[in-house]
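The values are calculated or read from the model by the stated rules, or taken from the named source; none is laboratory data. For clarity, every value in this text was computed on a predicted model and none was experimentally measured. Here the Cβ positions follow ideal geometry from the backbone for every residue, glycine too, while neighbour counts run over all protein chains shown.
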Amino acid sequence: MTHPAVSAEAKGLEGVIALHTGICDIDGQKGTLIYRGYDIDDLARHCTFEEVAWLLWQGELPGAADHAELLRQLASERPLPPMVRELMAMAPEDANAMAFLQTGISTLALFDSEAEQTDPASQYRKAVRLTAHIPVLLAGFDRARNGLPMIAPRPDLSTAANFLYMLRGEEPGEQAVRIFDACLVLHAEHGLNASTFAGRVIGATLSDMYAAVAGAVGALKGPLHGGANLRVMDMLDAIAASGADASSWVRDRLARKERIMGFGHRVYKTLDPRAGILREMSESLAVEAGNRTWYDMSLSIMEIMEREKGLYPNVDFFSASVYSTLGIPKDLFTPIFAMARITGWTAHLMEQWKDNRLIRPRAAYDGPRSRSTGRQAG
């Protein structure tokens with residue numbers, strides 16, 4: 001039996017509609033992104049991360065009572081089981097942060113009495129738990145590897161404020177919290193990307209939410225999906241260390257056919273709408289911090305890339321300088337992506353389970369046929 005050849009357009013399932021969703025829509029030609037019908041610019045400027053989490057999970061923005069209840073639930077779920085706290089202390093100083101996060105999520109499943117429960121109410125509660133636990137896992141991991149005691153989360157602080165507080169040991173300023181909160185909103189959801197698809201494939205087998213999320217983290221760990229903002233920061237550090245002008249450094253790399261990190265996107269053919277918002281935030285944060293080095297460098301690179309290559313920055317480009325200005329270690333950039341995207345991942349899982357069908361595509365076989373070992377019976 002022969003099978004039709006896989007077209008160049010469909011390689012990597014590009015352009016293939018795998019399922020229907022009511023969570024997110026992206027128009028790569030127009031450069032638009034909506035969550036549940038709301039434009040990302042509107043949400044990032046006017047809603048908190050917790051409000052957007054509720055929107056992704058429930059389909060509507062929360063009223064005052066629902067918002068207050070979600071904040072209460074998140075605060076109550078943040079404390080980690082003792083064994084998970086011990087895991088932080090046991091991790092090697094050079095442990096990969098994404099590997100730790102994946103291990104931590106799998107370990108949390110052991111202490112959740114609802115881990116195997118499949119009813120919608122328990123699935124929602126697990127989504128809340130994971131959203132509450134991940135910032136604590138990451139901040140505690142960074143403190144432990146630096147020989148510092150873990151800082152307990154505060155019930156009066158938001159997800160964004162708590163993470164910065166637990167990481168640095170001091171309450172962050174209002175501007176830093178607002179910008180970091182918006183960053184979480186911008187990264188919360190982005191359609192059927194590699195990690196979300198991986199999570200839905202696992203969820204479609206009726207495996208549990210922790211296993212599906214751990215699988216999504218595994219997909220995000222791959223450098224072709226996550227990690228681009230870390231490599232953007234490596235690039236900015238390299239330019240600063242070289243003493244060269246950013247424009248000259250980029251032109252030199254382009255002449256050598258080297259890739260400039262943070263530009264272009266598999267979906268967007270114009271400016272990533274998230275990048276424009278982050279550019280404004282990066283400048284605002286740079287002005288507040290009294291250090292425009294990373295922002296001005298990024299602006300120079302952006303202008304060169306648009307003029308000479310017709311490429312626009314993606315969400316990773318300006319998030320690198322934002323996170324660095326906030327004092328966040330580079331290797332936590334991708335885990336922070338997961339810290340935000342947990343809301344989108346879990347929303348997709350709950351959507352998958354409402355009308356589940358095993359995701360089982362076929363492959364077009366192009367190997368040899370009609371081969372024989374030549375061996376005789378007996």
- Check on VAL213, closer than 20 Å to ASN96 by Cβ, touching a residue at least 24 places away in the same chain (Cβ under 8 Å), in a helix (DSSP H, G or I) and within 26 Å of the chain's Cα centre (by Cα): yes
- Note on the structure: Among residues of the stretch 165-192 being assigned to a helix (DSSP H, G or I) and among the small types (Gly, Ala, Ser), the residue nearest to PHE337 (Cα to Cα) is ALA182
- What number of residues within the stretch 24-64 satisfy the criterion of being within 16 Å of VAL128 (Cβ to Cβ) and surrounded by fewer than 13 Cβ atoms within 10 Å (Cβ to Cβ)? 0
- Message: I need a count of the residues in the stretch 160-173 that are of a type in the set (D, E, K, R) and without any contact (Cβ under 8 Å) to a residue 40 or more places away in the chain.
- Response: 2
- Message: So, in the stretch 85-128, how many residues would count as being among the small types (Gly, Ala, Ser), modelled with pLDDT under 95 and either loosely packed, with under 12 Cβ neighbours inside 10 Å or part of a helix (DSSP H, G or I) (or both)?
- Response: 1
- Note on the structure: Residues in the stretch 253-278 that are among the basic types (Lys, Arg), farther than 25 Å from ASP27 by Cβ and part of a loop (DSSP other than H, G, I, E, B) total 3
- If you check GLY226, GLY222, GLY199, GLY218, which single one turns out to be within 18 Å of the chain's Cα centre (by Cα), modelled with pLDDT under 95 and within 14 Å of ARG341 (Cα to Cα)? GLY226
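So that you can scan it fast, the table gives a plain yes or no per residue for (1) without any contact (Cβ under 8 Å) to a residue 60 or more places away in the chain; (2) under 30 Å from LEU110 (Cβ atoms); (3) surrounded by 17 or more Cβ atoms within 10 Å (Cβ to Cβ):
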residue: ASN193; (1), (2), (3): yes, yes, yes
residue: GLY203; (1), (2), (3): no, yes, yes
residue: SER207; (1), (2), (3): yes, yes, no
residue: MET233; (1), (2), (3): no, no, yes
residue: LEU236; (1), (2), (3): no, no, yes
residue: TRP249; (1), (2), (3): yes, no, yes
residue: LYS257; (1), (2), (3): yes, no, no
residue: MET261; (1), (2), (3): yes, no, yes
residue: GLU283; (1), (2), (3): yes, no, yes
- Would you say MET302 is closer than 18 Å to ARG274 by Cα, in contact with a Pro (Cβ under 7 Å, 6 or more places away or on another chain) and outside the structural domain of ALA161 (by TED's automatic domain parsing)? yes
- Please give the number of the condition ASP234 fails out of (1) part of a helix (DSSP H, G or I); (2) assigned by TED's automatic domain parsing to the domain that holds ASP316; (3) farther than 25 Å from TYR268 by Cα. (3)
- Task: Any residue in the stretch 135-159 that's assigned by TED's automatic domain parsing to the domain that holds GLY169 and within 11 Å of ALA91 (Cα to Cα): show its pairings with residues that are aromatic (Phe, Trp, Tyr) and modelled with pLDDT of 95 or more at Cβ separation under 8 Å, as long as the two are six or more apart or on different chains.
- Result: PHE141/PHE100
- Note on the structure: Taking the stretch 321-354 and keeping only residues that are touching a Ser or Thr at 6+ places or on another chain (Cβ under 8 Å), modelled with pLDDT under 95 and of a type in the set (A, V, I, L, M), one is left with VAL322
